[in-house]
1. Could you please find all residues in the range 182-225 being charged (D, E, K, R) and buried (at least 16 other Cβ atoms within 10 Å of the Cβ)?
2. Within the range 4-27, is even one residue of a type in the set (Ser, Thr, Tyr) and within 24 Å of residue 118 (Cβ to Cβ)?
3. Here are 70, 55: which of them is among the hydrophobic types (A, V, I, L, M, F, W, C) and open to solvent by 60 Å² or more (accessible area, probe 1.4 Å)?
4. Please enumerate the residues belonging to the range 232-263 that are modelled with pLDDT under 70, of a type in the set (Asp, Glu) and farther than 16 Å from residue 185 by Cβ.
5. Restricting to the range 88-103, name every residue that is open to solvent by 10 Å² or more (accessible area, probe 1.4 Å) and not small (Gly, Ala, Ser).
6. Check every one of the strands (runs of 3 or more DSSP E) wholly within the range 172-253 and list those with 1 or more residues that are within 26 Å of residue 104 (Cα to Cα).
Amino acid sequence: MNDFDDRFLTRNGLAARQLAVLLLNHEPDTRLPRVRDFAEELGCGNGTIQAALQLLEDSGAIETTARGHLGTFLVRSDRSVLWRLSGLGTLLAAMPLPYSRRYEGLATGLRSAFEEAGAPFAITFMRGAGARTAALLEGKVDLVVLSRFAADQLIAEHPVELVADLGPATYVGAHGMLLRHGVDLDSPGLRVAVDHTSEDLRMLVERVFAGRKDIEWLEVSYMQLRDLFARNEVDATVWNLDEVQDRLGLGVDVLPLGDEVTRELSLRNSRAAVIGRTDGAKALAAVRDSLDLSLVTRLQSEVLRGERVPSY
């Protein structure tokens with residue numbers, strides 16, 4: 001190790017690493033807590049805190065200035081250096097497979113926003129909100145991207161919390177009913193495809209066909225839809241139109257969804273949400289307030305319009 005790293009393995013250095021976590025939540029030109037307040041929070045002496053602050057200054061992570069009776073103010077901070085010293089590591093987010101431009105744009109925007117906030121960020125892609133949620137609860141990933149509808153359900157049932165809501169049409173552009181050409185929607189014995197790995201779409205398709213006792217439900221993967229429709233093995237389903245665009249051929253008609261309840265559910269499904277574990281609050285708190293959500297949506301829009309090459 002070099003001398004710089006060795007200093008952060010001392011008692012003062014370990015305090016500096018803990019301080020780095022706290023200072024990630026402070027913006028430039030704001031007053032810092034008193035030394036004794038930091039000391040009480042971290043359970044160490046005032047002298048240790050003073051030495052730790054000096055270490056952070058010497059490393060280029062922060063610059064402070066004393067303003068007499070007003071206290072000590074943070075003049076400047078380098079969030080990337082603070083994050084590295086904090087030991088919080090790389091944040092790993094699980095996203096849907098990037099098979100649509102919308103998801104590619106979302107991945108591009110999220111990566112840029114987290115990196116601008118000073119947080120090392122990586123993405124892993126998993127099919128199905130259930131698989132992504134399991135990875136989060138098992139501690140395999142730090143963050144999960146899914147619809148706001150699914151996020152609300154998870155927050156109610158598990159120790160997870162909302163990190164960001166990115167707004168309408170950031171997760172899905174629109175939902176629609178897919179109907180095999182020539183099939184009457186009211187025909188008895190309609191064969192309806194459902195993919196239970198997507199809780200959002202399961203709810204939608206069951207709502208659309210609620211009250212129909214004659215439905216033959218077929219458990220399928222959305223990746224099989226093109227072949228199933230082509231072989232006349234499926235008559236209908238409800239799906240994300242971003243995913244099916246240019247993928248189903250001429251033998252499938254797309255119809256709008258029906259009643260207001262279904263449209264409202266579809267709207268909640270259209271919003272991208274980012275959630276994290278509640279017990280990971282330290283890392284989440286360090287980045288949440290610094291995330292520029294407008295950057296995410298702007299870059300996603302540029303990817304959707306073909307003005308930016310996806311980069312994630």
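1. 191, 195, 199, 200, 207
2. no
3. After applying the criteria, what remains is 70.
4. 246, 260
5. Of all residues in the range 88-103, those open to solvent by 10 Å² or more (accessible area, probe 1.4 Å) come to 88-90, 92, 97-99, 101-102.
Across the range 88-103, the qualifying residues are 88, 90, 92, 97, 98, 99, 101, 102.
6. So the answer is 175-180, 191-194, 236-240.
To keep it simple, each residue is scored yes or no on (1) surrounded by fewer than 16 Cβ atoms within 10 Å (Cβ to Cβ); (2) in contact with a Gly (Cβ under 7 Å, 6 or more places away or on another chain); (3) over 28 Å from residue 167 (Cα atoms).
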site: 82; (1), (2), (3): no, yes, yes
site: 86; (1), (2), (3): no, no, yes
site: 105; (1), (2), (3): no, no, no
site: 113; (1), (2), (3): no, no, no
site: 121; (1), (2), (3): no, no, no
site: 127; (1), (2), (3): no, no, no
site: 134; (1), (2), (3): yes, no, no
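The values are calculated or read from the model by the stated rules, or taken from the named source; none is laboratory data. Computed from a predicted model, the values in this text were never measured in an experiment. When we count neighbours, we look across all protein chains shown, and the Cβ atoms used for this are built from the backbone with ideal geometry, even at glycine. Note: areas computed on protein heavy atoms with side chains; ligands, DNA, RNA excluded. Shrake-Rupley method; radii C 1.70, N 1.55, O 1.52, S 1.80 Å.
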